[in-house]
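Student: Below is the structure I would like to discuss, written out as structure tokens.
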Amino acid sequence: MTTDRRTFLQLLTSAALSATFPASISRALAIPANNRTRTIKDVEHIVFMMQENRSFDHYFGTLRGVRGYGDPRPIPLPNGNPVWYQPNGNGYLLPFHPGAPNLGLQFIEDLAHDWTSTHLAWDAGKQDAWVPNKGTTTMAHLQRSDIPFHYALADAFTICDAYHCSLLGPTDPNRYYMWTGWVGNDGSGGGPVIDNAELGYGWSTYPELLQKAGITWKLYQDIGNGLNAAGEWGFTSDAYIGNYGDNSLLYFFQYQNAQPGTPLANGAKTGTNILVSGTLFDEFQKDVSSGNLPQVSWIVAPEAYTEHPNWPANYGAWYISQMLDILTANPEVFSKTVFIITFDENDGFFDHMPPITAPVSPTSGISTVDTTNELFQGSTSYPTSAFPVGPYGMGIRVPMIVVSPWSKGGWVNSQVFDHTSLIRLLETRFGEEYPGITENNITPWRRAVAGDLSSAFNFKSPNDGKVRLPSTIAYQPPDDQRHPSYVPTPPAVQAMPQQESGVRPARAVPYLCSVSGNVVPGQNEFQIQFANQGAVAAVYQAYTGSGQFAPRTYTVGPNTEVADAWDYAALNLNEYNLLVFGPNGFYRVFKGTFGAVSADLQTQITYDISQKGIFLEITNTNSVLVPIRLFDYYTQKTTQFSVGPNKRFTEFWSLKKFYGWYDITVETESDPTFQARLAGHLETGEDSMTDPALDGSLTQPAVS
């Protein structure tokens, strides 16, 4: 048994376990941030740790204040049900909490997570085929009592609830996005790569740019049986040593051919060797304690600690806590360090938020941003008969926690990110001082849509305020063997999971979204105008209430707008039912009957940032008076009045009480099918609080 395995089991079986997790977090919270410049330049070290194969909902769907199982505005399935009701044979399967004890230490089964099954589950945005393609365990989820350390990290630091993996597929391609910005999408260097073939590739990688610019970098890993072809590049049959093959830089020829002592070999082909002596953490500990931590580093764990099913989640928690202990043991180093913990892909675990993708054809939406190299169209290596044509990504949401002295306080960040955001963070931090580190592999669409993670930090006053220290719950350990997979049995009586009550502080996000719609006069056609006055590209996803049309996606660049129409006459339908979803809870509903009085009603929200409120406008272009009924979701109040012929009703809504959140439903007795619903968050450029409706405590608006 290796030293690290013995240490691991001793910690799990000791009474000290309950103190180990809070202590590592408490020490991190107690260390003040380097605040010399009050900018991102105060960050001197960025450490990335990418774990394996968990979706956001699977881990954090019940966490307070994130867009999880309490989401009051989920997308509809083609059958009209909310996305939670995943089709399962003749019935449905809701997310469920498995009944096994000590769930964080259970060896929950691994699920299919390849390109094909993931695209089939996603189903071009319908999100309706998870159970047939992934199995019933796809809907299993964990909660705070199962993974207390993960929840404690989120309570103490900043969690990103709109962070997606980069590709609708498996591990290696997603890690290529982290290290190179894409998967060779243009076909060069052996690309595109959408599976774990590991055949050897030749396109450029980001560490090479860092090296050329003079930025120090390194991977921390165990060498296992060797970081070479004979040693399977660190993958071993002993799950407690090696790197699980997760150092994907070693699948590039330039690293494979790098000779000992050269920069690429020093950075990517060295590590601990616990088969000989020491522990998994010796190299990292040596560099941190001596003050020689590189400017950029990546941590790659052995298989048992990656959280990849069927390995337990809390094995990974222990490993992460050791790394955090090492960082905080040198307060001078940690005061200047960002430690980012994320996951390469979702395995086969369900997440309710549809991936953000570029439109794949004119019938599937519009993008005002160049989408070159974002659509996989098949190749000789991947025939379309086995690998469906479709967008590379983004992929499914995965957990992402930003641990640093500038991200303390239990914050949520809801800006859209993916694995290319990790590279973008490095560009933002070091680009001014080290020219030439812009990663040209990142496509224009990906660069426009995914943020650079800088909105997750408070550099101006990071040491202000008090932080509530998180609590954790001790759990009993297993033995040191890989157990047979635990296959959860779905419950006989189903119910939606309950999300923890309350709100969390929320970082400002750079969106200013606007969507309006109208019936095309004299036609059974509905047109929607998508606008974006924000600082970054916004992606809107449009659905029909009962699947009359396939989902469409719209990427709208800053200060740009675009329009599209839905021809219901072609379907011989007289009623329209369209729903639009945007970033950070933005939502619009358009329902009604063509030719009815309501067809000449238009609703619009305009923002008043200075007064922290919105103006609701209802325009009646009819020649008759129209009675209106308003329901305010947050105040739970109904108001009734009438709008005269060819008149406009305007009213100001102060949003201070509900932290800028609004959700207003407009209906009329003149047309029982009519409903306009306008919901979202007023983005002021200032930090706020998360959606108070996420815990399910408010009554949903009536549905026409």
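Student: List every residue whose amide H lies under 5 Å from the amide H of Y201, counting only residues 5 or more places away in sequence or on a different chain, with H placed 1.01 Å from N in the peptide plane.
Tutor: F252, F253
Student: Also: So what is the calculated 222 nm ellipticity per residue for the chain, using -39500 (n - 2.57) for each DSSP H run with n of 4 or more, over all residues, to the nearest 500 deg cm²/dmol?
Tutor: -5000 deg cm²/dmol
Student: Another question, if that's okay. If the viscosity is 1.002 mPa s and the temperature 20 °C, what translational diffusion coefficient in µm²/s does Stokes-Einstein give for the stretch 239-278 when Rh comes from Kirkwood over Cα pairs?
Tutor: For these conditions, the coefficient is 192 µm²/s.
Student: Go ahead and run the numbers for FRET between T650 and S237, Cβ-Cβ distance against an R0 of 56 Å, rounding to 0.05.
Tutor: 0.20
Student: Oh, and also: So what's the stretch 517-595 giving for Rg/Rh, alpha carbon basis, Kirkwood Rh from the mean inverse pair distance?
Tutor: 0.99
Student: Taking θ = phi - 60°, what integer Hz values does the Karplus form 6.51 cos²θ - 1.76 cosθ + 1.60 yield along the stretch 571-582, in sequence order, with x for Gly and Pro?
Tutor: Each residue's phi maps through the Karplus curve to give 9, 6, 10, 9, 10, 10, 7, 10, 10, 10, 10, x Hz.
Student: Right, here's the next one. Would you mind checking the tilt of helix 171-180 against the longest principal axis of the Cα atoms of the chain, expressed as 0 to 90 degrees and rounded to 10?
Tutor: For 171-180 against the chain, the angle is about 90 degrees.
Student: Helix 313-328: angle to the longest alpha-carbon principal axis of the chain, degrees 0 to 90, nearest 10?
Tutor: Result, in degrees: 70.
Student: What number do you get for the stretch 154-211 when its Cα radius of gyration is normalised by 2.2 N^0.38 Å, N = residues?
Tutor: So the Cα radius of gyration is 1.34 times the expected 2.2 N^0.38 Å.
Student: State in Å² the accessible area per residue of the stretch 624-697; use a 1.4 Å probe, count heavy atoms of protein chains only, and round to the nearest integer.
Tutor: 45 Å²
Student: In nm, to one decimal, how far is the I609 label point from the Y92 one, both placed 7 Å along Cα→Cβ?
Tutor: With each label point 7 Å from Cα toward Cβ, the separation is 3.9 nm.
Student: Another question, then. If amide H atoms are built 1.01 Å from N in the plane of the peptide, which residues on other chains or at least 5 residues away come under 5 Å of the amide H of S55?
Tutor: F349
Student: Please work out, to two decimal places, the log10 of the ratio I(q)/I(0) at q = 0.15, 0.18 Å⁻¹ from a Debye calculation in which every Cα of the stretch 665-704 carries one identical scatterer.
Tutor: So the normalised log intensities work out to -0.55, -0.70.
Student: Kirkwood Rh, Cα Rg: Rg to Rh for the stretch 288-435?
Tutor: My calculation of the ratio gives 1.02.
Student: Report the full-extension gain for the segment N35 to T684: residue separation times 0.36 nm, less the Cα-Cα distance, to one decimal in nm.
Tutor: 231.1 nm
Student: To two decimal places, what compactness ratio does the stretch 208-355 give when its Cα radius of gyration is scaled by 2.2 N^0.38 Å?
Tutor: Against the compact-globule rule of thumb, the ratio is 1.08.
Student: Let me see the P(r) profile for the chain: every Cα-Cα distance counted, bins of 20 Å, each bin given as a percent of all pairs.
Tutor: Values per bin, smallest distances first: 18, 52, 26, 4, 0.
Student: Tell me, what HN-Hα J-couplings in whole Hz come from the Karplus equation 6.51 cos²θ - 1.76 cosθ + 1.60 at θ = phi - 60° for each residue of the stretch 420-434, using x for Gly and Pro?
Tutor: 5, 5, 5, 5, 4, 4, 5, 4, 5, 6, 9, x, 5, 7, 10
Student: Quick one: what do you get for the stretch 591-655 if you divide its Cα Rg by 2.2 N^0.38 Å?
Tutor: Relative to the 2.2 N^0.38 Å estimate, the stretch 591-655 comes out at 1.21.
Student: I need the calculated FRET efficiency for the pair T699 and A535, taking r as the beta carbon distance and R₀ as 41 Å, to the nearest 0.05.
Tutor: 0.70
Student: So if the hydrodynamic radius of the stretch 46-114 is defined as the Kirkwood radius over C-alpha pairs, what does Stokes-Einstein give as its diffusion coefficient at 37 °C and 0.692 mPa s, in µm² per second?
Tutor: This corresponds to a translational diffusion coefficient of 221 µm²/s.
Student: So what's the angle, to the nearest 10 degrees on a 0 to 90 scale, between helix 3-13 and the longest Cα principal axis of the chain?
Tutor: Rounded to the nearest ten degrees, it is 50.
Student: State the extension gain, in nm to one decimal, for the chain segment bounded by T560 and K637, taking 0.36 nm per residue of separation less the distance between their alpha-carbons.
Tutor: 24.2 nm
Student: Kindly provide the GluC sites (Glu not before Pro) of the stretch 581-676 that DSSP labels as loop, not H, G, I, E or B, and whose Cβ sees at most 14 other Cβ atoms within 10 Å.
Tutor: Qualifying residues, ordered by number: E669.
Student: Just the accessible area per residue of the stretch 542-623, please: how many Å² with a 1.4 Å probe?
Tutor: Per-residue value: 37 Å².
Student: Please report how far the C-alpha centroid of the stretch 130-196 lies from that of the stretch 321-360, rounded to the nearest whole angstrom.
Tutor: 10 Å
Student: Over all alpha-carbon pairs in the stretch 101-208, figure out the percentage whose distance exceeds 22 Å.
Tutor: Every Cα pair in the stretch 101-208 considered, those over 22 Å come to 51 percent.
Student: Can you figure out the FRET efficiency of A386 with T270, using R₀ = 41 Å and their beta-carbon distance, to the nearest 0.05?
Tutor: It comes out at approximately 0.60.
The values are calculated or read from the model by the stated rules, or taken from the named source; none is laboratory data. Owing to the predicted nature of the structure, the values given are computational and were not obtained by experimental measurement. For neighbour counting, all protein chains shown are included, and Cβ atoms are generated from backbone atoms with ideal geometry for every residue, glycine included. For the accessible areas, the whole protein counts, side chains as well, though only heavy atoms, and no ligand, DNA or RNA atoms are used. Shrake-Rupley method; radii C 1.70, N 1.55, O 1.52, S 1.80 Å.
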